[in-house]
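Structure record follows, encoded as structure tokens.
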Amino acid sequence: MTALQRGAACVMAGEMLLAIMGAIIKHLAPELPNAELVFLRNVLGLAVITPVMLYREGIGGLRTRHLRFHFMRAVIGVSAMYCYFFSLQKLALTEAVLLKLTAPFFIPVIALLWLRESTSRTIWLTIAIGFAGVLVILDPAAARLQDYLFVAAGLTGALLGATAKVTIRRMGVAEPSGRIVFYFAFFGSLVTAPAAVAVWQPPSTAIWLWMAALALCATLAQMLITTAYRIAPAGQIGQFTYSSVLFAALLGWVFFLEPVTESQLLGCVLIVGAGLFNLRQRRPIG
């Protein structure tokens, strides 16, 4: 398989798991504070990845020359996580996922400014079309004022998530996926602990089981997506993240009785279409 094919397979499998994770978060949102959810997702993820890393690589597998980038990615990534989890409290699962999928529009801009990766003039047109899709999904004529806060959180999370993905590329192919995921969970647990302690509510047994499933899905998804962005340029595989729309729509319909509206469909067409057009302008992986 080529780098693009491997990256595509990893991204699609990871996005399926992330859609499941989103459904679990939406289910648990009324039960636990957002800060506690983010902390538990990280600390349980650390519990999953640590024995895997030690078994596969030994303690030497944790040595890295990119500690500051790992810390930077963790801070940015957990900030994106706060935003995404918050948006799921109010928005439909499909809407929250579509907002998260605006991240590929940010990636080429961040890669241009930070990595000096070349881009084309069409990027500005595709970004404008993509965010027009966001406005359609929001449906300003019908949305209540409070909905804008959750939409803004979703878009902020997408921007931060894009930055975190470009950080993976900045570390280069020498950094294994497991190590990247380990340090994300490690630093993520540290930086989210104070806020979680401040609002802590003891989880029930059922919630612990849900959180264990969430952590497993999230860690496996993160390993798959981290692998994808490590082996392929950041701007080349974003198109394959759009498969998550189908997973989110199905989960939202089955478990939350969320209908797919005309505005969601039109917004999806604009966001996905703009993203695919933008990615087709970029050079294929050699």
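The values are calculated or read from the model by the stated rules, or taken from the named source; none is laboratory data. Not measured: the values here are computed from a predicted model. We place every Cβ from the backbone using ideal geometry, glycine too, and count neighbours over all the protein chains shown.
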Item to check | Boolean, residue 94 is buried (at least 19 other Cβ atoms within 10 Å of the Cβ), over 16 Å from residue 156 (Cα atoms), modelled with pLDDT of 85 or more and among the polar types (S, T, N, Q) | outcome: yes
Checklist entry - Looking at segment 60-74, which of its residues are within 21 Å of the chain's Cα centre (by Cα), surrounded by fewer than 18 Cβ atoms within 10 Å (Cβ to Cβ) and among the aliphatic types (A, V, I, L, M)? => result 72
Next on the checklist: Just the residues that are among the small types (Gly, Ala, Ser) and at pLDDT 90 or above, please, taken from segment 250-263.
Outcome noted: 252
Checklist entry - Just checking, which of 134, 78 is β-branched (Val, Ile, Thr) and either farther than 30 Å from residue 36 by Cα or modelled with pLDDT of 85 or more (or both)? => result 78
Checklist entry - Does residue 24 satisfy the condition of being under 13 Å from residue 218 (Cα atoms), out of contact with any strand residue (DSSP E or B) (no Cβ under 9 Å at 6 or more places or on another chain) and either modelled with pLDDT of 90 or more or part of a loop (DSSP other than H, G, I, E, B) (or both)? => result yes
Next on the checklist: Among the residues of segment 46-65, are any in contact with an Asp or Glu (Cβ under 9 Å, 6 or more places away or on another chain) and part of a helix (DSSP H, G or I)?
Outcome noted: no
Checklist entry - Are there any pairs, at least 6 apart or on different chains, whose C-beta atoms fall under 6 Å, with the first in segment 239-250 and under 20 Å from residue 5 (Cα atoms) and touching a residue at least 24 places away in the same chain (Cβ under 8 Å) and the second of a type outside the set (Val, Ile, Thr) and surrounded by fewer than 22 Cβ atoms within 10 Å (Cβ to Cβ), and if so, which? => result 239/276; 239/279; 240/8; 240/12; 243/12
Item to check | Residue, farthest from residue 29 (Cα to Cα), within segment 163-207, restricted to residues that are touching a Gly at 6+ places or on another chain (Cβ under 9 Å) and small (Gly, Ala, Ser) | outcome: 178
Checklist outcome for this item: In the set 246, 276, 266, the lone residue that is modelled with pLDDT of 85 or more and either closer than 23 Å to residue 39 by Cα or of a type in the set (A, V, I, L, M) (or both) is 266
Next on the checklist: For the structure I just gave you, tell me whether residue 57 is surrounded by 23 or more Cβ atoms within 10 Å (Cβ to Cβ) and not β-branched (Val, Ile, Thr).
Outcome noted: no
Checklist entry - Is segment 201-215 home to any residue that is part of a helix (DSSP H, G or I) and modelled with pLDDT under 90? => result yes
Checklist entry - When residues of segment 254-266 are filtered for being within 17 Å of residue 25 (Cβ to Cβ) and either under 20 Å from the mean Cα position of the chain (by Cα) or outside any loop (DSSP other than H, G, I, E, B) (or both), how many remain? => result 3
Next on the checklist: Of all residues being within 30 Å of residue 20 (Cα to Cα) and at pLDDT below 80 in segment 111-130, which is surrounded by the fewest Cβ atoms within 10 Å (Cβ to Cβ)? Just the residue, please.
Outcome noted: 127
Item to check | Any pair with Cβ under 9 angstrom, 6 or more apart, that starts in segment 54-67 at a residue that is without any contact (Cβ under 8 Å) to a residue 12 or more places away in the chain and ends at one that is outside any helix (DSSP H, G or I) | outcome: 65/174; 65/175
Next on the checklist: On the basis of being of a type outside the set (S, T, N, Q), in a loop (DSSP other than H, G, I, E, B), farther than 21 Å from residue 165 by Cβ and touching a helix residue (DSSP H, G or I) at 6+ places or on another chain (Cβ under 7 Å), does residue 36 make the cut?
Outcome noted: no
